[in-house]
Amino acid sequence: VERNNAMIAELRAKKVYAKNQTKEAYEKAIADLEQKNLDLQIKMRDYKADGKDSWNSFKEEFNHDMEEVENGFKSIGNNDVK
């Protein structure tokens, strides 16, 4: 999650180079990733261990959510950014 924060900061710095027609979409995509990352931080912070089954379920859901965020980073990286 900390690595995601660094990647979000890097994307924000690159937005200066986004083409005008994609700037709004670029900023929204970054904001969406930032919110998802914040949600993951909260989910980790608030997790209470309730046994092995609960942990496995949490871990599976958390990994899925992390994968979505990582795919979002890849998607933004492939947009019209110079």
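The values are calculated or read from the model by the stated rules, or taken from the named source; none is laboratory data. Values in this document were obtained by computation on a predicted structure and should not be read as measured data. Virtual Cβ from ideal backbone geometry, glycine too; neighbours counted across all protein chains shown. Protein only, heavy atoms only, side chains kept; ligands, DNA and RNA dropped before computing areas. Shrake-Rupley method; radii C 1.70, N 1.55, O 1.52, S 1.80 Å.
Can you report the number of residues in region 1-57 which are at pLDDT below 80 and surrounded by 13 or more Cβ atoms within 10 Å (Cβ to Cβ)?
Looking only at that region, the number is 6.
If you take the residues of region 58-82 that are more than 16 Å from the chain's Cα centre (by Cα) and at pLDDT 90 or above, which of them is most open to solvent (accessible area, probe 1.4 Å)?
This residue is GLU60.
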